[in-house]
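Working notes, beginning with the structure itself.
The values are calculated or read from the model by the stated rules, or taken from the named source; none is laboratory data. All values reported here derive from a predicted model rather than from experimental measurement. Here the Cβ positions follow ideal geometry from the backbone for every residue, glycine too, while neighbour counts run over all protein chains shown. Note: accessible area is taken over every heavy atom of the protein model, side chains too, but ligands, DNA and RNA are not part of it. Shrake-Rupley method; radii C 1.70, N 1.55, O 1.52, S 1.80 Å.
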Amino acid sequence: MAKYAWSGRERLGLLRVRDDVIVLHAIRWPDEVRKPAELLPPPTEVSDDEIEGALALMESMSRDDLQGPEFEDAYIYRRHGEDH
């Protein structure tokens with residue numbers, strides 16, 4: 001168990017070791033946990049023209065040719081302390 005400061009408040013957490021790092025799991029109080037229904041946007045009426053416009057916009061921004069160097073992942077993960 002650990003006490004830590006976050007956003008100007010003291011909080012409780014659980015520390016554990018995972019591989020070679022220390023992980024902090026924040027503990028939430030019941031009043032800090034929201035019900036998923038509270039996060040839903042309100043129902044909205046959408047016209048057929050708006051749906052067609054949205055579909056046309058998505059189609060205009062879509063690509064089928066995802067080949068080439070600009071689509072290759074060049075990220076290299078290095079653990080702390082590794083030089084190669």
Residues that are in contact with a Lys or Arg (Cβ under 9 Å, 6 or more places away or on another chain) and in contact (Cβ under 8 Å) with a residue 24 or more places away in the chain: does segment 14-27 have at least one? yes
Restricting the first residue to segment 53-68 and requiring it to be on the phi > 0 side of the Ramachandran plot, which pairs with a second residue that is not in a helix (DSSP H, G or I) meet a Cβ separation below 7 Å and a spacing of at least six or different chains? none
In segment 12-58, what residues are assigned to a helix (DSSP H, G or I) and open to solvent by 90 Å² or more (accessible area, probe 1.4 Å)? 30, 31, 36, 38, 39, 48, 49, 50, 52, 55, 57, 58
